[in-house]
Amino acid sequence: MEAWDEIRTAFHVARQGTVSGAAAELGVHHATVIRHIDALEARLGTKLFQRHARGYTPTEAGRDLLQVAQTTDDQFTQLVGRLKGRGDTVTGELLITSLAVFSPLLVPAIASFQANHPEVVTRFLTAERLFRLEYGEAHIAVRAGQPPEQLDNVVQHLFTNRTALFASREYIEAHGMPEGDADLKKHMFIGPDEEDSRAPFYKWMKERVPRSQVVFRTTDAGAVKHAILEGVGLGFMPLWEAKENPDLVQVVETRTDWDSPLWLVTHVDLHRTVKVQALLKHLKKSAQDWG
């Protein structure tokens, strides 16, 4: 165990590049870090780091050792994540990850789940990065698009996100309702800042609307909604979101190729735990009211 403490310290020094950074991450005094590095180098009979004014840089021997330490640390993190998910009660921490755009759907469902299970602590993370379920970084992921294909994941359909073209009543009163595809060129649009968006409805728009008519361009889905409501132009919005705004008018019928399915994704090691199953069941029941 003492050797692993020293290797773990060396791993953090390599990752941080400084003794002080490693000490802060490990929660120990910097002298402890130096003592661990010195002891490990003495034990192995080789230098693991080059010391310089900016910090510590691993030697070739150091890189070999730290590659093994990285693998061990990842496996330990994975084990901790699995252990956190075990138990026969709906208590403790539940970590759910999703894109922020789906928060209006998921947060009410999670809130009602917590009302029924007050001993649960929820962490709802909406970072853009893909959380690694196999490393225990999340209990449940809600993902959009094609179904994830990782072999160790359990994937279940949650909801089909349908999209249509909308405008505010104020905009329609001022500019009229488009009559067919040819009439769209006369109207102002809200769209992506990136002209070659992969979203199928934006591809449809690009084929019918000159870029000069896209007068409001953004990378934020929330900004699209507010621009539509403010009467800036025509824009795409999910049906579930549009139904919460009675001032909106649907301009074009939705198309099946614009649909984007949402998936519930869990790791096989945590899928059958009581609290994960309870939340999965609750989310699927809540999703029946989203459409």
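When each of the peptides 233-241, 174-182, 266-274, 212-220 is scored by how many other beta carbons lie within 10 Å of its residues on average, the order from highest to lowest is 233-241, 266-274, 212-220, 174-182.
Give the carbon-plus-sulfur fraction of the accessible surface of the stretch 26-78 in %, rounded to a whole number; probe 1.4 Å, heavy atoms of protein chains only. Answer for the stretch 26-78: carbon and sulfur cover 53 percent of the accessible area. Excluding same-chain neighbours fewer than eight residues apart, the aspartates and glutamates reachable from Lys47 by a Cα-Cα span under 16 Å are Glu6, Asp38, Glu60, Asp64. Tell me the net charge near Gly191. Cut-off is 9 Å between Cβ atoms, Gly191 excluded, with +1 for each Lys or Arg and -1 for each Asp or Glu. Once all neighbours under 9 Å are counted, the net charge is +1. A cut-off of 5 Å between modelled amide H atoms, ignoring neighbours fewer than 5 places along the same chain, links Phe124 with Ile96.
Among the protein heavy atoms, those of Lys275 account for about 10 Å² of accessible surface (1.4 Å probe, every chain in place). For the set Glu41, Glu195, solvent exposure ranked by accessible area (probe 1.4 Å, protein chains only) runs largest to smallest as Glu195, Glu41. If only the Cβ of Lys and Arg carry +1 and only the Cβ of Asp and Glu carry -1, the dipole of the stretch 163-258 around its Cα centre is close to 180 debye. For the chain, the square roots of the Cα gyration tensor eigenvalues, ordered a ≥ b ≥ c, give a/c of at least 1.5 with a/b greater than b/c, which places it in the prolate category.
Per-residue ellipticity at 222 nm computed for the chain from its helices equals -13000 deg cm²/dmol, with DSSP H segments shorter than 4 residues left out and the rest contributing -39,500 (n - 2.57). Other residues whose C-beta falls under 15 angstrom from the C-beta of Thr219 contribute a net charge of -3, scoring Lys and Arg +1 and Asp and Glu -1. For the chain, the solvent-accessible area of protein heavy atoms averages 55 Å² per residue (probe radius 1.4 Å; ligands and nucleic acids excluded).
So which of Lys225/Lys285; Lys185/Lys243; Lys186/Lys206; Lys225/Lys275; Lys243/Lys284; Lys203/Lys284 end up more than 24 Å apart, counting from Cα to Cα? Violating the 24 Å limit, Cα to Cα: Lys225/Lys285; Lys185/Lys243; Lys225/Lys275; Lys203/Lys284.
With an 8 Å cut-off on Cα pairs and a minimum separation of 6 or more residues, tell me the relative contact order of the chain in percent.
22 percent
Heavy-atom accessible area for Trp4, with the other protein chains in place and a 1.4 Å probe, reaches approximately 80 Å².
Per residue, the Cα convex hull of the stretch 163-258 amounts to 88 Å³. When the surface is traced with a 1.4 Å probe over the full set of protein chains, Tyr56 keeps roughly 40 Å² accessible.
The values are calculated or read from the model by the stated rules, or taken from the named source; none is laboratory data. In this text the structure is predicted, and so the values were computed from the model without any measurement. Please note: Cβ atoms are built from the backbone with ideal geometry, for glycine as well, and neighbour counts cover all protein chains shown. We work out accessible area using only protein heavy atoms, side chains counted, and drop any ligands, DNA or RNA first. Shrake-Rupley method; radii C 1.70, N 1.55, O 1.52, S 1.80 Å.
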